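What follows is one structure encoded as structure tokens, with my remarks underneath.
No lab work stands behind these numbers, since they all come straight from the coordinates. No experiment lies behind these values; they were computed from the predicted model shown. Please note: Cβ atoms are built from the backbone with ideal geometry, for glycine as well, and neighbour counts cover all protein chains shown.
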Amino acid sequence: MTTAGEQTPHISRRTARLELRNVTKSFGKAEVIRGVDLTVEQGEFCVFVGPSGCGKSTLLRMISGLENVTAGEIRIGGDVVNDVPAAERGLAMVFQSYALYPHMSVRQNLSFGLENLRTPRGQIAETVEEVAAMLQIDMLLDRRPKDLSGGQRQRVAIGRAVVREPRIFLFDEPLSNLDAELRVEMRGEISRLHARLGNTMVYVTHDQVEAMTMADRIVVLRDGQVEQVGAPLELYNSPANLFVAGFIGSPR
Ligand code: ADP
Ligand code: MG
């Protein structure tokens, strides 16, 4: 069990503010992100919700650097990163599909690529052990992904993001492949991780319950635009319109 007060000797607490300024994305003639303006504060747990196809993944991919922006500006820690390669943005992304390396052990999956980052070589093994213990996968370090359950695979995928000491975590529907019970357990796990590390987190989901229970603030997206931003109860009690009310499940 991890708690907010616990020490993480090998993982430093890193965080940064994220700013989107009039961000637009077109694929050919289709404008799928249309002038998004948003600030995510340092250490904030910000959830993007909206129906399938509204642009959640595209927004996240632009923040991470996997996709170029067509117009507008993305700033991390005050610096414009539009032209900064993904690997140099100080972020880590967790996907629904886990994206683990099938031929590598859990230990190798966690340490892969660390050699190229800041971590001194001798410290990598200790960092991996610490993160594995944090996520309760320390007994699985010598297994291959195929010998893990879905929940364990997602813990490894999250661990792989944690060892990189990102300033900002990006999650793209990380729990969608899990059954209802595991989703509840992993929600708690990710919330504890946030309390412990204090990173900025941007979490994409189409699940209203996840958004309501995990978010400091929710960003409701519709057709590539921000419909409303607010704390969960603000959106629930004062939805800007029927779309937000319907999506958040408030009684208006
Ligand atoms: P969400 O994650 O909210 O379901 P996406 O960001 O995946 O939505 O997609 C938003 C819109 O952009 C959709 O209409 C989708 O078809 C389109 N889209 C996403 N990626 C591409 C791409 N590489 N080429 C063309 N259209 C794309
Ligand atoms: Mg998506």
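Restricting to Cα pairs below 8 Å that are 6+ residues apart, what does the relative contact order work out to for the chain? Please round to a whole percent.
29
Could you give the nm distance between label points at T24 and N177, where each point is 7 Å from its Cα heading toward the beta carbon?
Distance between label points: 3.6 nm.
How large are Rg and Dmax for the chain when only the alpha carbon atoms are used, in Å?
18.0, 58
Cα gyration tensor of the range 121-186, axes a ≥ b ≥ c as square roots of the eigenvalues: rounded (a/c below 1.5), prolate (a/b > b/c) or oblate?
Since a/c reaches 1.5 but b/c is at least a/b, the shape of the range 121-186 is classed as oblate.
Net charge near E31, counting Lys/Arg +1 and Asp/Glu -1 over other residues with Cβ under 15 Å of its Cβ?
Local charge sum for E31: +2.
In a Gaussian network model over the chain where Cα atoms closer than 10 Å are linked, find which of T205, T15, T213 has the largest mean-square fluctuation.
Maximum fluctuation in the GNM of the chain, among the listed residues, is at T213.
Based on alpha-carbon atoms only, what is the radius of gyration of the range 8-67 relative to the globular estimate 2.2 N^0.38 Å?
Dividing the Cα radius of gyration by 2.2 N^0.38 Å gives 1.35.
Over the range 112-252, calculate the relative contact order: mean separation of alpha carbon pairs under 8 Å at least 6 apart, over the residue count, as a percent.
15
Name the residue, out of T200, T39, T24, whose mean-square fluctuation peaks in a Gaussian network model built on the chain with Cα pairs under 10 Å.
T39
Per DSSP helix of 4 or more residues, -39500 (n - 2.57); summed, then divided by the residues of the chain. What does that give at 222 nm, rounded to the nearest 500?
That comes out to -9500 deg cm²/dmol.
Any chance you could run the full-extension gain for N68 through S149? It's 0.36 nm times the residue separation minus the Cα-Cα distance, nm to one decimal.
25.7 nm
Mind giving me the FRET efficiency for D223 and D37? R0 is 22 Å, r the Cβ-Cβ distance, nearest 0.05 is fine.
Once rounded, the FRET efficiency stands at 0.90.
Could you give the alpha-carbon Rg of the range 128-234 over 2.2 N^0.38 Å, rounded to two decimals?
Relative to the 2.2 N^0.38 Å estimate, the range 128-234 comes out at 1.14.
D142 to Q108: extension gain in nm, 0.36 nm per residue of separation minus the Cα-Cα distance?
Difference between extended and current length: 11.4 nm.
Once you've got the GNM for the chain with C-alpha springs shorter than 10 Å, pick whichever of V106, V84, V226 has the biggest mean-square fluctuation.
Maximum fluctuation in the GNM of the chain, among the listed residues, is at V84.
Give the Rg (one decimal place) followed by the Dmax (whole number) of the range 18-132, computed from C-alpha coordinates and expressed in Å.
Rg and Dmax of the range 18-132, Cα atoms, are 16.7, 51 Å.
Y101 to A86: extension gain in nm, 0.36 nm per residue of separation minus the Cα-Cα distance?
3.5 nm is the gain from fully extending Y101 to A86.
Taking the Cα centroid of the range 15-57 and of the range 177-215, what is the distance between the two, rounded to the nearest whole Å?
Rounded to whole Å, the Cα centres lie 19 Å apart.
Could you tell me how many degrees, from 0 to 90 and to the nearest 10, lie between the Cα long axis of helix 150-162 and the main elongation axis, the longest principal axis, of the Cα atoms of the chain?
Its long axis makes an angle of about 90 degrees.
If you take all C-alpha pairs in the range 101-155, what percent of them are over 17 Å apart?
33
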